[in-house]
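All remarks here apply to the structure that follows.
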Amino acid sequence: MGRGWHGGRGSRGKGGVQGEVPGAEDAAAWFAGRLPDGWFTGAPEVSVDRDEIIVVGELPALTEEYSDEAARAAAEAGRISRFREETREERIEIARQAEHRYQRKVAWGARLGDSEELFTTLAAPVMTRLRQPERKVLDTLVDAGVARSRSDALAWAVRLVGEHAEEWLAELRQAMSTVDDLRAKGPDLG
């Protein structure tokens, strides 16, 4: 089976040895089938990387009228908070099953109107070596108050690149998936 960008290029285990992470190509379907009816208005949005699965669903729309956007936003935040509390135990059990199946942490989120909240997402450390010009960029972002630390500045820069290069990144992921498929079809040299 090929390893797509969703399903794991592998992760480093003990001693830096490359280990296989099970594929998660079917995660969206698994969650759609596993979640209780009525939690969300449709199938949840499921995003996967080699470390984490994030499941975000749309909650039923508010039916009340509100005097302004601030009141509506407060009601949306309250409804999301209620969903989080009322579903906590069941979400924990579903996450436990998914973590066993896919060997990734599971985070949850809910969306309602213009509000979205993610619950307990994973912050994975990324080790990197930066030369002085790159460190200066990060330090400028920190000094300007855009970020609190070099780590936050790097995360901000990655989000910015992701927003402005999504089409290119999608093409790159597709090309990587094609290479993985071809590699899997190649001769077994082992």
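We did not get these values from a lab; they are worked out from the coordinates using the rules stated. All of these numbers come straight from a predicted model, not from anything done at the bench.
If you average the C-alpha positions of the range 115-190 and of the range 22-48 separately, how far apart do those two centres end up, in angstrom? Measuring centre to centre over Cα atoms gives 24 Å. Full extension of the chain between residue 163 and residue 116 yields a length gain of 15.1 nm, computed as 0.36 nm times the residue separation minus the alpha carbon distance.
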